[in-house]
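The values are calculated or read from the model by the stated rules, or taken from the named source; none is laboratory data. Quick caveat, the model's predicted, so the values are computed rather than measured. Heads up, the Cβs are rebuilt from the backbone with ideal geometry, glycines too, and the neighbour counts pull from every protein chain shown. Surface accessibility is based on the protein's heavy atoms, side chains included, excluding ligands, DNA and RNA. Shrake-Rupley method; radii C 1.70, N 1.55, O 1.52, S 1.80 Å.
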Amino acid sequence: MNSITKDNSTKWTEKNLPDLTGKTIIITGANSGTGFAATKFMSAKGATIIMACRNPDKANKALQSIKKDNAEAKLDFIQLDLGSLASIRQFSEEFKKKYGSLDILINNAGMSQTPDIKTEDGFEMQIGVNHLGHYALTGHLMDRLVSTKDSRVVTMSSMNHEQGIMNFDNLFLEGEYHQMKAYEQSKLANLLFSYELHRRLGRAGVSVESIAAHPGFVKSNIMKSNEYTKRSFGFTLMFNVFDALLAMTPDKGSLGIMRAATDRTLKNGDYVGPTNIGGFRGFPKLLTSSERSYNEIDANKLWEMSEQLTGVEYVF
């Protein structure tokens, strides 16, 4: 992962956000971590934010927290479970009934290092939520994106994509499941998807932009015990040490999301994220990702598999 010298930005922060009045933005996983921080900052700039979250109680609590500090914030919660193709379809239908345009779709929510469990549709949980869920969501919303001028899709990846290997012969790692390998594969899939979306949009002559980002190492709940995963004492202790020494706050971790979403100096197919301490910390810079992430043969194969598995075809 290398920074690109043509990038003139040195310290891109929330102060660089443009006026977002009149913009409609969907953020998946908006109730916590970097998604919550991006929701807070971007709504303060006038955007209407649709908080696409699985848990209604947590989403409404987060919404009210932002409203408490900013009563004028334009926030809307629509339930979305990225582990359910039916939920993704229902979310998309409800959104379209309420909104005639979509300026920015931020594919932010994710699962990390879960045990070998399946989504509602039988997909391995990490690639099912992190990639296939967002692939299906983006496809269902493509008509709104295409009809909205200067729209953009932001897909969040991770530094861990660099270790990722696509196992096309056994995408769900049946019989050879490893939590970290599954996570790394899903994060590589995010970049393959983002870059392939950019290429397909370009060939179709569509003005929608596809930008990728990674947040760095951020204090969040993604690596903590949850309803799917119980972390061991040793893992929790080790993670807490790294968290204390290296992790950024969610506010700083959200900068990559927001730059990818709003910085018009970025070009279709770009990738941004922090670069300090091997990418753990810092301001979001323009980057190159791993060699595997630019493999067009793999990207096309993943696209075809995603289309077959989800039943979602993109119409440009």
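Whether a residue is polar (S, T, N, Q), surrounded by fewer than 16 Cβ atoms within 10 Å (Cβ to Cβ) and closer than 22 Å to Ser290 by Cα was assessed, and Asn108 does not pass this test.
Reported count of residues in the stretch 144-180, each being out of contact with any Gly (no Cβ under 8 Å at 6 or more places or on another chain), open to solvent by 10 Å² or more (accessible area, probe 1.4 Å), part of a helix (DSSP H, G or I) and of a type outside the set (Phe, Trp, Tyr), is 8. In the stretch 89-104, the residues that are without any contact (Cβ under 8 Å) to a residue 60 or more places away in the chain reach residues that are outside any helix (DSSP H, G or I) and open to solvent by 60 Å² or more (accessible area, probe 1.4 Å) with C-beta atoms within less than 8 angstrom, at least six apart or across chains, in these pairs: Phe91/Gln79.
Every residue in the stretch 37-59 that is closer than 20 Å to Gly83 by Cα and open to solvent by 20 Å² or more (accessible area, probe 1.4 Å), please.
Arg54, Asn55, Pro56, Asp57, Lys58
For the stretch 198-217, indicate whether the set of residues that are open to solvent by 10 Å² or more (accessible area, probe 1.4 Å), touching a Gly at 6+ places or on another chain (Cβ under 7 Å) and not in a helix (DSSP H, G or I) is non-empty. Looking for residues that are open to solvent by 10 Å² or more (accessible area, probe 1.4 Å), touching a Gly at 6+ places or on another chain (Cβ under 7 Å) and not in a helix (DSSP H, G or I), one finds at least one in the stretch 198-217, hence yes. Taking the stretch 248-294 as the range and being modelled with pLDDT under 90 and either assigned to a helix (DSSP H, G or I) or open to solvent by less than 10 Å² (accessible area, probe 1.4 Å) (or both) as the test, the residues that pass are Met248, Ile277, Gly278, Gly279. Applying the condition of being exposed (fewer than 14 other Cβ atoms within 10 Å of the Cβ) and not in a helix (DSSP H, G or I) to the stretch 229-247 and asking which residue is modelled with the lowest pLDDT yields Ser232.
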